[in-house]
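See below for the structure under consideration.
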Amino acid sequence: MTRPQVLLVDDERRLREVVTLFLSEAYDVRQAATGAEAISILHREPVAAVVLDYRLPDRSGLDVLIEIRSARPRLPVVMMTGYGSEALCASALRLGVRDYFPKPVNIGDLLDSVRRLVSEASSPGEEADEGPEADIRLPLLPLSPTGELDLSIQKAIKLIQLRYWDDLTLAGLARELGMSKYHLSRRFKEAMGVTFRSYLLRTRLERAKVLLSGTQGSITEVAHSVGFGDLPRFDKLFKRYTGLTPSAYRAQHLARGNN
């Protein structure tokens, strides 16, 4: 069976070698040191995902990303950068980057991300029937339609991060911000590209990943601590988000730590 192909685009040879070493356990890895080389490979070969550095010798990663989106609109792209900023990250996410890692990159997290994205891309039908929760994976930063950071949405995000475990509602958050819930809902969706509910779900699931990586607390306790009162729903959404059940995710991380 042919293995999926991942294109790694970075001008740092040593980093390419390290990342390739890990990715090659599951994928055929093609390397490119420039944007032009990357685009050439994409036009010739059946690449399943791209790991893309922001700073390249001939152009920026955003320029390459625009070309990728023109040629392969649905191709999963993960971006890395040692020169990150909120504005850069937000621009990349607006252009369709599915995940974003500052350097130095945690190779384990990068590999997990690539595995999830390739798996999702190979089975698109599984996403189509999940309704309004289908966009919970998207890691977005708050931008206004003009591209400026929206301070009211930034505050909303901060409140979500601080109280994700609570019974947080759009109406309650809107009252704290001095806005109507309809106004907040519209501005949140414009700025984030996802609904308030989807972002809250993603925040809870990301925190659950952190808790499950440790050895403390049962799966039920983790679910409750991040705001899920319904364990079957937590299991379903967590598996959808990571590709693993909560128990399998914990077991994988414990096994990795013991190696």
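Each peptide among 32-38, 151-157 gets the average number of other Cβ atoms lying within 10 Å of its residues, and from highest to lowest they stand as 32-38, 151-157. Near residue 242: Cβ cut-off under 9 Å, other residues only, Lys/Arg at +1 and Asp/Glu at -1. The net charge is +3.
The modelled label-to-label distance between residue 180 and residue 235, using points 7 Å beyond Cα along the C-beta direction, is 4.3 nm. Applying a DSSP loop filter and a limit of 14 other Cβ atoms within 10 Å to the chymotrypsin sites (Phe, Trp or Tyr not before Pro) in the stretch 1-92 leaves 83.
Computed from the coordinates by the stated procedures, all read-outs in this text should not be read as laboratory data. Model, not experiment: these values are computed from the prediction. All Cβ positions, glycine included, derive from the backbone under ideal geometry; neighbour counts span all protein chains shown.
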